[in-house]
Amino acid sequence: MNSEQHSGGGTGLGRFLRARRARVTPQEVGLTPGSGLRRTPGLRREELATLAGISIDYYVRLERGKETRPSASVVDSLARALLLEDDEHEHLRNLAARAARGATEASADGSPAAPSGTVRPGVKLLLESLRPHPAHVVSRTNDLLAANPGGMRLLPGIQDWPARERNIARYLFLDPASRELFHDWNAQVRGCVARLRALAGIDPDAPDLTRLAGELLMKSREFARLWERYDVKGHSYGRKTFHHPEVGDLTLGYQSMELEGTPGHRMVTYYAEPGTPDHDAMVLLDLLGREQPARRTPAPDDRSAAARDDPASPLS
């Protein structure tokens with residue numbers, strides 16, 4: 001199942017323009033709303049076309065996927081009119097380039113090739129050398145590919161899932177414990193979906209993305225809601241506060257780094273100032289990850305996912 005089947009017709013470019021147009025109010029761009037009922041929550045097509053300096057007919061063709069080769073100047077004008085930030089502007093450029101290219105390149109058998117999940121031995125050595133700082137390596141779709149003891153223990157219970165099921169997006173949306181773990185769970189899930197959305201704009205037929213997004217769209221209403229927002233700006237550094245069931249509350253800085261020579265792998269490393277309670281908790285987390293068995297936590301399945309989407313569930 002293609003992850004974009006849940007987003008209506010047209011191209012990725014058209015869907016992105018439609019979603020972002022709905023989120024910009026006339027007041028934000030200096031327009032005075034006219035009288036009468038507005039059927040759209042954001043800008044009308046003619047308003048956006050005027051702001052971007054293009055004809056309404058041309059803009060309608062862009063949204064409907066009838067026009068697939070907008071010039072760079074048109075793309076930049078639309079980005080300014082939609083008040084896009086730099087990451088979003090770049091995503092719009094990528095969508096326009098893909099629309100011009102046509103279908104996604106496929107492998108020799110006609111299906112896109114899945115990227116490798118192999119982590120090089122040298123990267124695993126780096127993970128170990130970073131102890132006691134928690135660190136892990138994730139794929140472009142947030143599969144948890146490798147981790148040092150603290151990096152695995154930071155997400156309590158995930159180490160007991162089958163290796164093929166360990167995915168941070170799946171953990172965030174389908175494991176109720178994640179809501180208790182992250183102080184700002186909403187910010188975590190927004191950033192997670194934004195990264196996946198950015199990948200969908202560039203490579204929407206990728207099998208790894210298709211499988212994950214298809215699963216989460218069926219199992220989590222919250223994921224489906226965020227998926228439709230078309231946010232594409234994630235976070236690569238900052239601070240996170242955890243309410244960890246084993247070491248208590250701790251706030252850690254984090255830095256995400258792209259690993260050159262890999263199919264989109266990232267290393268995420270956490271840190272705290274030496275001598276602080278957060279650093280002490282981090283050291284304890286590393287020791288627990290090395291020495292103690294973890295509580296058994298089954299990977300989410302269809303039955304538990306159905307319960308999570310029940311209105312009474314904490315994930316609903």
3 or more residues more than 26 Å from Lys233 (Cβ to Cβ): qualifying helices (runs of 4 or more DSSP H) within region 108-203: 121-129, 149-153
Contacts under 8 angstrom Cβ, first residue in region 229-241 being open to solvent by less than 40 Å² (accessible area, probe 1.4 Å), partner aliphatic (A, V, I, L, M), 6 or more apart: Tyr230/Ala19; Asp231/Val193; Asp231/Ala194; Val232/Ala194; Val232/Ala198; Gly234/Ala194; Gly234/Ala198; Lys240/Leu252
Set Ser7, Ser55: member being out of contact with any Pro (no Cβ under 8 Å at 6 or more places or on another chain), of a type in the set (Gly, Ala, Ser) and modelled with pLDDT under 85: Ser7
Pair list, Cβ under 6 Å, 6 or more apart: region 275-292 residue in contact (Cβ under 8 Å) with a residue 24 or more places away in the chain and over 11 Å from Arg131 (Cα atoms), other residue among the acidic types (Asp, Glu) and open to solvent by 50 Å² or more (accessible area, probe 1.4 Å): Leu288/Glu246
Residue tally, condition of a type in the set (A, V, I, L, M, F, W, C) and either in a loop (DSSP other than H, G, I, E, B) or touching a strand residue (DSSP E or B) at 6+ places or on another chain (Cβ under 8 Å) (or both), over region 221-232: 1
Subset of region 162-174 (residues that are buried (at least 20 other Cβ atoms within 10 Å of the Cβ) and more than 20 Å from Arg221 (Cα to Cα)): Arg166
Restricting region 69-89 to residues that are touching a residue at least 60 places away in the same chain (Cβ under 8 Å) and not aliphatic (A, V, I, L, M), the residue that is surrounded by the fewest Cβ atoms within 10 Å (Cβ to Cβ): Glu85
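The values are calculated or read from the model by the stated rules, or taken from the named source; none is laboratory data. None of the values given here were measured: they were computed from a predicted structure. Here Cβ is always computed from backbone atoms with ideal geometry, including for glycine, and neighbour counts include all displayed protein chains. The accessibility values were calculated without ligands, DNA or RNA, using every heavy atom of the protein model including side chains. Shrake-Rupley method; radii C 1.70, N 1.55, O 1.52, S 1.80 Å.
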